[in-house]
Each structure stands twice: as C-alpha cells, then as structure tokens.
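Q: Once you've had a glance at the structure underneath, I'll fire off some questions.
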Amino acid sequence: MLERMFKIKEMGSSVRTEVIAGITTFLTMAYIIFVNPDILSDAGMDRDSVFVATCLAAAVGCLIMGLWANYPIAQAPGMGLNAFFTYGVVLGMGHAWEVALGAVFLSGILFLLLSIFKVREWIINAIPLSVRYGIAAGIGFFLAIIALQNAGIVVGYDATLITLGDLTEPAAIYALLGFFVIAALAYLKVTGAVMIGVLGISVLAMVFGHNEFGGIVSAPPSIEPTFFKLDIVGALDVALISVIFAFLFVDLFDTSGTLIGVAERGKLLDKDGNLPRINRAMMSDSTASIAGSLFGTSTTTSYIESAAGIAAGGKTGLTAVVVAILFLISLFFAPLAGSVPAFATAGALLYVAVLMSGALAKANWDDVTEAAPVLIAALAMPFTYSIADGIALAFISYAVIKTFAGRWQDVSPMVYILALVFILKFIFLD
C-alpha cells in the first residue's frame with residue numbers, strides 16, 4: 001500500500017529511510033509548538049488552544065503535502081508571519097485577533113485561487129529579486145527586535161526610542177545563552193539544535209528557580225477558545241487590504257523559495273529544472289493556511305527545515321506523513337509546551353532571524369537602484385513594526401527609484417500597480 005501511494009522504491013528510497021527522514025525533519029522544526037503559542041498568546045489568544053491549533057495545522061499541511069503532492073516537505077505556522085500577526089496587526093494596528101485570523105483565511109483563499117488558475121509563476125516572476133531579498137531580511141530583523149524586546153535586552157527610551165536593557169537580568173542572560181547554544185549546535189549540525197536550546201534553557205531556568213515546571217504529558221487542551229473564531233467580515237475592511245497582501249506575498253515567496261530550494265537539494269527537480277506537481281504543493285500550503293485560520297493560528301507555510309529530512313534520505317511524501325503523525329502525538333505534550341518561558345523562545349527567534357537575514361548577501365549592492373529597495377524593506381519592517389508597511393515601502397521605492405533613474409523598463413506593470421495601490425493606501429487609509 002505504501003509503495004502504491006508514495007512510489008518509494010521508484011524514488012530510490014525505503015520505508016525505514018523515510019521514517020528516519022520524517023523524525024529528523026520534525027526534530028528540526030518542533031520548536032514551533034513552543035514558539036507559536038508564546039507569540040500568539042501576546043495577541044490575547046488562549047495559549048493552550050493555540051498550541052493545539054499549531055499541531056493540527058502542521059499535521060493537516062504535512063498530510064496534504066505528503067498524500068497529495070507526494071513531497072518530503074513539512075509545513076507548520078510560519079515564523080515571521082506569526083510575529084506580524086501579533087505585533088503588527090493586533091497590537092500595532094489595533095485589530096482584534098479574530099479579525100487577523102479572518103485576514104489569514106482570505107489570504108489563504110487568494111493563494112489557493114492563484115495556484116488553481118496557475119498565475120503563481122507569473123506573479124513571482126513579476127516581483128523583483130531585490131524586493132524579495134529585502135522582504136526576507138526585513139522579516140529577520142523584525143523577529144530579532146521582537147526577541148530582544150521579549151528578553152529585555154532592548155528596552156524603550158525616550159531620547160533614542162530604544163536602548164540597551166539590563167543584561168544582568170535573568171531573562172536577558174537566559175535568552176543570550178540560549179541563542180549562543182543554538183547557534184553553536186547548528187554549526188555543529190546537531191539535529192534538533194533549536195529544540196535542544198529551547199528545552200535546555202527552560203530546564204536550566206527551572207533549576208535556578210526562574211521557571212516553573214508544568215508537567216510533561218496530559219490530554220490535549222481544548223481548542224474551543226480559538227476554533228472557528230475568525231472574523232471574515234471584519235477582515236474585509238479596506239484598511240486590512242495591505243495586511244492580507246502581506247500575508248499572501250510573504251507566504252507566496254516563502255513557499256516558492258522553500259519548495260524549489262529543498263527540491264533542488266533532494267534532486268527532485270526534472271531535467272528542465274522544474275518541480276513536478278508544484279501546483280499541488282502550492283495548493284497544499286494554501287489549504288493548510290485556510291485550515292489553520294479555522295483552528296486558530298497564523299499562516300501555515302512550507303519549512304526550509306525539511307532539507308534536514310531530505311539530507312537524511314527522504315524522497316517521498318511518506319516523510320511528510322511521518323512529520324504529521326509526530327505533530328499529532330505532540331498534542332499530548334501541552335504541559336511541556338506551557339513550561340517554556342518567553343526568554344527561552346527568544347533565543348530561537350534570534351537564530352531564525354540570523355537565517356532570514358542571510359538574504360542580504362544575495363542582493364546586488366553594486367547597483368543602487370536594486371540595493372536601495374532592499375535596505376528600505378529590511379529597515380522599515382523592524383522600525384515601523386510592520387511587515388505590511390515594509391513590503392509597501394519596498395514596492396514604492398523600487399518603482400520610483402527605477403523610474404527616476406531612467407530604467408522604467410526594468411519595472412513590471414504589476415510592480416507599478418502595487419506601488420500605486422500602496423501610495424493611495426498611505427494617503428487615504430493611514
């Protein structure tokens with residue numbers, strides 16, 4: 001049965017290899033079951049319910065990717081998007097978390113339609129690489145400032161907006177120590193480096209009396225506080241257009257880049273360099289986002305950590321199915337997730353920020369018309385505390401600078417249209 005479903009032998013793999021690959025991928029991305037509830041609870045959402053929603057959304061995404069698209073690529077609520085959901089849309093713009101979930105739902109529907117009608121590739125090709133690099137780096141910086149604030153390493157200061165906090169405070173010490181440990185373990189290619197760092201700091205804090213142990217295993221908490229609580233009508237507000245587009249674009253770029261990058265490492269591309277069944281893979285992602293919004297979590301996306309499972313030999317969807325099963329098993333470890341304090345996840349956020357900020361290295365710094373939009377996007381996101389505003393300023397700056405430089409032919413019609421829409425948004429809606 002497994003052979004018929006996944007064509008394991010045809011792909012040059014085995015059931016044992018696929019299971020090991022699934023376990024490997026799960027260990028590298030399991031930190032999300034601790035980090036996501038921690039972030040979304042700041043938006044006023046029930047932490048335990050978000051924990052369940054996180055596990056279920058990840059399981060649904062992995063099952064669809066594995067059973068329908070037959071790729072060893074795992075999915076879960078995306079880092080960066082969850083921070084934008086809480087600190088940008090809810091706390092920053094003042095929208096209720098139910099409305100933010102509605103925006104996630106609508107962005108998922110749009111993503112699904114783009115995949116069904118196969119216009120995804122046209123949109124991606126129309127977006128300049130420099131804008132994409134700037135958005136990726138900006139999200140990294142956005143995560144970094146959130147992590148530093150959560151740990152008290154950076155604090156508010158009237159004269160300079162922000163300044164260095166008290167590094168002798170336990171939260172700051174634990175956060176920095178966790179980041180150092182995670183970075184070192186990642187360099188040494190230790191499987192599950194992030195999860196080891198998060199859990200290690202949590203236990204260390206318990207030993208020194210700075211954290212409470214809530215247990216390990218229990219029945220799954222109730223999902224009722226967030227289940228089907230999204231407000232779709234509220235998300236149709238004109239003021240939320242940029243938010244919906246932000247969720248959509250970030251997920252679109254992230255998923256496309258992850259799918260191609262991971263598939264290339266696993267030698268899953270065809271002779272022309274294309275990914276077979278890519279529309280199925282993209283539809284898996286969008287469907288998982290829609291399901292996640294119904295459960296009560298932010299946008300679900302494909303994880304670059306899937307590369308760890310592919311490196312372990314994973315070649316088929318069975319790898320993703322194993323990840324899904326492990327996320328479902330994780331539902332019984334809610335007390336453990338609840339025992340992880342914010343300063344323990346801060347180190348994980350900083351590490352993810354490092355990975356995402358690496359996009360800056362790919363930018364063309366010799367061409368200022370390409371480099372300037374990268375820097376604007378990267379700086380705007382943390383300083384405006386909004387991924388949506390960062391994306392808007394990236395499109396506007398790219399279109400205007402290219403036009404003023406006499407290189408308007410480098411700008412696609414879609415970029416001009418989006419730049420105009422964002423300008424009108426700043427004029428009339430902000």
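The values are calculated or read from the model by the stated rules, or taken from the named source; none is laboratory data. The shown structure was predicted, so the numbers you read here are calculated from the model rather than taken from an experiment. With ideal geometry, Cβ positions are generated from the backbone for all residues, glycine too; neighbour counts draw on all protein chains shown. Heavy atoms of the whole protein, side chains included, go into the accessibility calculation; ligands, DNA and RNA do not. Shrake-Rupley method; radii C 1.70, N 1.55, O 1.52, S 1.80 Å.
Q: If you take Rg and Dmax of the Cα atoms in Å from the coordinates, which of [x] 68.6, 186; [y] 20.9, 67; [z] 23.7, 95 do you get?
A: The listed entry that was calculated here is [y].
Q: Only helices at least 15 Å long along their own axis, judged from Cα atoms, and with Kyte-Doolittle mean hydropathy of 1.6 or greater: name those in the chain from DSSP H. Can you show the working numbers first?
A: Working: long enough: 15-29 (21 Å, 1.10); 47-64 (26 Å, 1.66); 97-116 (28 Å, 2.13); 129-150 (32 Å, 1.44); 170-187 (25 Å, 2.02); 193-207 (21 Å, 2.61); 241-265 (36 Å, 1.34); 278-295 (26 Å, 0.50); 317-329 (18 Å, 2.95); 342-357 (22 Å, 1.89); 368-384 (22 Å, 1.54); 387-404 (25 Å, 1.57); 413-428 (23 Å, 2.41).
Answer set is 47-64, 97-116, 170-187, 193-207, 317-329, 342-357, 413-428.
Q: Give me the percent of accessible area attributable to carbon and sulfur for the chain, probe 1.4 angstrom.
A: Values: 11930 of 17550 Å².
Here carbon and sulfur together make up 68 percent of the probe-accessible area.
Q: Quick one: net charge of Asp48's neighbours, Cβ under 13 Å, K/R +1, D/E -1? Kindly include the intermediate steps, with their values, before the conclusion.
A: Numbers: positive: Arg47; negative: Asp38, Asp46, Glu224.
Spelling it out: positives minus negatives among the neighbours equals -2.
Q: Accessible area per residue of the chain at 1.4 Å probe, in Å²?
A: Values: 17550 Å² over 430 residues.
So the chain comes to 41 Å² accessible per residue, rounded to a whole number.
Q: Among 50-56, 168-174, 333-339, what's the highest-first ranking by average C-beta atoms within 10 angstrom per residue? Working shown, then result.
A: Details: 50-56: 28.4, 168-174: 17.3, 333-339: 20.7.
The peptides rank, most packed first, as 50-56, 333-339, 168-174.
Q: For the chain, set up a Gaussian network in which alpha carbons nearer than 10 Å are linked by springs, and say which option among Val35, Val238, Val131 fluctuates the most.
A: Checking each option, the largest mean-square fluctuation is seen for Val238.
Q: Starting from the residue with the highest accessible area, list Lys7, Lys315, Lys189 in decreasing order, probe 1.4 Å.
A: On the way: Lys7 100, Lys315 65, Lys189 170 Å².
Result of the area sort, largest leading: Lys189, Lys7, Lys315.
Q: In addition: Hey, if we sort Ser41, Ser330 by accessible area with the 1.4 Å probe, largest down, what's the order? Intermediate results must be reported in sequence, preceding the final value.
A: Values: Ser41 35, Ser330 10 Å².
From most accessible down to least: Ser41, Ser330.
Q: A follow-up question, please. Just report the Cα centroid separation between the range 393-430 and the range 132-172, whole Å.
A: 30
Q: Would you please put 199-207, 249-257, 58-66 in order of how densely packed they are, using the mean number of other Cβ atoms within 10 angstrom per residue and starting with the highest? Intermediate results must be reported in sequence, preceding the final value.
A: Values: 199-207: 18.1, 249-257: 23.3, 58-66: 27.6.
Put in order of decreasing packing, that is 58-66, 249-257, 199-207.
Q: Calculated from DSSP H runs of 4 or more alone, at -39500 (n - 2.57) each and per residue, what is the 222 nm mean residue ellipticity of the chain, nearest 500? Mind showing how you got there, number by number?
A: Working: 19 runs with 268 residues, N = 430.
Per the formula, -20000 deg cm²/dmol.
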